[in-house]
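In what follows, a single structure is set out as structure tokens and then discussed.
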Amino acid sequence: MADDELASVLGGVGARLRALRQEQGGTLAQLSAATGISVSTLSRLESGLRKPTLELLLPLARAYRVPLDELVGAPETADPRIRP
């Protein structure tokens, strides 16, 4: 994945995190209690001021019960079992 594509994928994570939390009707404090991630860090992730890392995204994906790919909005990849 090229650097610009990676930046684009990671750049949309904050908005997706905020949308998921609001859809589920949760607060940052509730999410913090469920994940062990501080409210401050969660707020910075949602606002795009903190770069998402795997250590932060895995507990968030579990808390929201979504696949990590969906959480970060990763582009779909072809089935590796299909050969041209």
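The values are calculated or read from the model by the stated rules, or taken from the named source; none is laboratory data. From a predicted model like this one, the values you see are computed outputs, not experimental measurements. Please note: Cβ atoms are built from the backbone with ideal geometry, for glycine as well, and neighbour counts cover all protein chains shown. What goes into the accessible areas is simple: the full protein's heavy atoms, side chains included, and nothing from ligands, DNA or RNA. Shrake-Rupley method; radii C 1.70, N 1.55, O 1.52, S 1.80 Å.
Exactly one of these conditions fails for Leu58: (1) modelled with pLDDT under 90; (2) touching a helix residue (DSSP H, G or I) at 6+ places or on another chain (Cβ under 8 Å); (3) part of a helix (DSSP H, G or I); (4) hydrophobic (A, V, I, L, M, F, W, C). Give me its number.
With (1) modelled with pLDDT under 90; (2) touching a helix residue (DSSP H, G or I) at 6+ places or on another chain (Cβ under 8 Å); (3) part of a helix (DSSP H, G or I); (4) hydrophobic (A, V, I, L, M, F, W, C) applied to Leu58, the lone miss is (1).
Out of all the residues in the range 1-46, which are farther than 17 Å from Gly73 by Cβ, within 14 Å of the chain's Cα centre (by Cα) and loosely packed, with under 13 Cβ neighbours inside 10 Å?
none
When the range 57-67 is examined, which residues are found to be under 17 Å from Val9 (Cβ atoms) and open to solvent by less than 20 Å² (accessible area, probe 1.4 Å)? If you could, list the steps in order and put the result at the bottom.
Let us first name the residues in the range 57-67 that are under 17 Å from Val9 (Cβ atoms), namely 57-58, 60-61, 66-67.
Of everything in the range 57-67, those that are under 17 Å from Val9 (Cβ atoms) and open to solvent by less than 20 Å² (accessible area, probe 1.4 Å) turn out to be Leu57, Leu60, Ala61.
List pairs: first in the range 63-80 and within 16 Å of Glu46 (Cα to Cα) and modelled with pLDDT of 65 or more, second of a type in the set (D, E, K, R) and in a loop (DSSP other than H, G, I, E, B), Cβ under 8 Å, 6+ apart or cross-chain?
Hits for this filter: zero, empty list.
Please state which one of Thr27, Thr35, Thr53 is more than 22 Å from Pro67 (Cβ to Cβ) and β-branched (Val, Ile, Thr).
Thr27
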